[in-house]
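Read through the structure below, which is laid out as structure tokens, and then see the notes.
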Amino acid sequence: MIEPTTLRYFNPKLERASRKEILGLQLDKLKYQLGYLYQKNRFYRRLFDAAKVEPEKLRSLQEFSERVPFVQKEDFLKDQDENPPYGERLGIPPEKLSQIHLTSGTSGVGREIYGLTRRDVEGAGLTWMNHWHWIGLRKGDIALSVQPVTNLAAGLSSFHGMNKMGLVPFQTFGVDSETKLQLMKRFRPHFLTLTTAYALRLTLLAQQTGLVPQRDLPNLKGICIAGESYPIPLARDLEEFWNTRIHEFYGSTQGGTIFAFTCEYGVLRHGERG
């Protein structure tokens with residue numbers, strides 16, 4: 001098992017901030033964003049007005065959570081139908097768009113559309129870099145990804161972040177599992193990112209074909225799983241077989257970016273959930 005050697009601060013000022021400082025920063029950013037939406041976005045302004053909320057008068061995160069209304073998927077779909085193709089929720093002139101994302105549509109009731117500016121794209125890509133830095137990845141490392149680079153958000157933003165950080169993204173979504181393992185043995189990646197279920201599938205296939213990570217993948221610094229829940233025994237088994245730490249993240253990639261990552265220690269501490 002590769003052990004973390006030092007605390008890998010990516011942004012020391014933020015990562016070492018006190019809880020009070022973090023909450024203050026969150027409130028400042030939130031007030032700015034709400035004010036911008038109220039002034040620039042007719043979709044959200046109607047929601048605020050209907051709830052009798054004046055964003056500039058919000059004084060705390062608690063007040064925000066109590067007074068600002070939720071939006072539902074159905075609200076977005078109705079807006080898109082009435083104001084095609086993006087809806088009034090877009091909030092910017094179409095000529096400022098740089099990228100378009102769709103949700104996966106897993107609920108079966110339609111797919112929301114998310115339009116991103118160049119700044120949005122940059123921000124989404126940069127967020128991933130914290131995670132990869134904490135794992136121990138550095139410029140020139142090969143990151144093998146099975147995330148599809150399509151109109152879904154995660155693959156596009158992670159690919160952009162890898163380029164920004166100087167990693168070497170190796171996209172293998174379009175090849176079968178056996179070929180993925182062959183490419184891994186040939187190129188010896190430093191990092192893998194895949195869904196939890198597929199991590200199990202690839203593990204079973206690797207065992208069947210005789211791949212030994214400690215021998216065949218000596219550069220591996222970490223594996224990131226996401227998109228699905230998992231039992232702790234599975235994480236232990238994955239770490240034992242692949243001889244590296246298992247990491248995860250969660251968020252809403254189509255709506256903004258990733259919200260939380262594991263630190264350099266991964267999902268487990270002393271064999272239990274970290």
Worksheet entry | Net lengthening on full extension, residue 74/residue 27 (0.36 nm per residue, minus Cα-Cα) | 14.1 nm
Worksheet entry | Rounded FRET efficiency, nearest 0.05, which uses the C-beta distance separating residue 51 from residue 260 and R0 of 22 Å | 0.20
Worksheet item: Which helices, counted as full DSSP H runs in the chain, have an axial Cα extent of no less than 24 Å and a Kyte-Doolittle average of -1.0 or above?
Response: 19-40, 118-135
Discussion item. Suppose each label sits 7 Å from its Cα in the direction of the beta carbon; what would the residue 81-residue 118 distance come out to in nanometres?
Written reply: 3.7
Fill in: CD proxy at 222 nm, helix term only [per DSSP H run n ≥ 4: -39500 (n - 2.57); per residue of the chain; nearest 500]
-13500 deg cm²/dmol
Discussion item. Is the C-alpha gyration tensor of the range 204-252 telling us rounded, prolate or oblate? Criteria: a/c under 1.5 is rounded; beyond that, a/b larger than b/c is prolate, otherwise oblate.
Written reply: prolate
Practice prompt. Give me the percent of DSSP beta bridges within the chain that run antiparallel, rounded to the nearest 5.
Written response: 40
Response to the item:
Scoring only Lys, Arg, Asp and Glu (+1, +1, -1, -1) among other residues with Cβ under 14 Å from the Cβ of residue 125 yields +1
Worksheet item: If you count, for each residue, the other Cβ atoms within 10 Å and average over each peptide, how do 203-216, 167-180, 113-126 line up from highest to lowest?
Response: 113-126, 167-180, 203-216
Worksheet item: Given a Förster distance of 45 angstrom, what is the FRET efficiency for residue 62 paired with residue 139, based on the Cβ-Cβ distance and rounded to 0.05?
Response: 0.60
Worksheet entry | Virtual paramagnetic centre 7 Å along Cα→Cβ of residue 168, amide N under 18 Å, in the range 128-143 | 136-143
Practice prompt. Express the carbon and sulfur contribution to the solvent-accessible surface of the chain as a percent, rounded to the nearest whole number, probe 1.4 angstrom.
Written response: 54
Practice prompt. Would you grab the residues whose amide H sits under 5 Å from the one on residue 251? Only those 5+ places off in sequence or on another chain, please, with H modelled 1.01 Å from N.
Written response: 259
Worksheet item: Considering amide H positions built from the backbone, and no H for Pro or chain starts, which residues 5 or more places from residue 224, or on another chain, come under 5 Å of its amide H?
Response: 192, 193, 194, 247
Practice prompt. With a/c under 1.5 counting as rounded, go ahead and sort the range 1-155 into rounded, prolate or oblate using the C-alpha gyration tensor (a ≥ b ≥ c being the square roots of the eigenvalues; past the cut-off, prolate if a/b is larger than b/c, else oblate).
Written response: oblate
Fill in: Rounded, prolate or oblate (a/c below 1.5 giving rounded, otherwise prolate when a/b exceeds b/c) for the range 152-274 by Cα gyration tensor
oblate
Discussion item. 7 Å from Cα along Cα→Cβ at both residue 176 and residue 126: what's the point-to-point distance in nm?
Written reply: 4.3
Worksheet item: With every protein chain present, what is the per residue accessible area of the chain (1.4 Å probe, Å²)?
Response: 56
Worksheet item: Say each of residue 187 and residue 149 gets a label point 7 Å from the Cα, pointing the same way as Cα to Cβ; how far apart are those two points in nm?
Response: 1.0
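The values are calculated or read from the model by the stated rules, or taken from the named source; none is laboratory data. A quick note: this is a predicted structure, and the numbers were derived from the prediction, not measured. Please note: Cβ atoms are built from the backbone with ideal geometry, for glycine as well, and neighbour counts cover all protein chains shown. All accessible areas refer to the heavy atoms of the entire protein, side chains included, with ligands and DNA or RNA removed. Shrake-Rupley method; radii C 1.70, N 1.55, O 1.52, S 1.80 Å.
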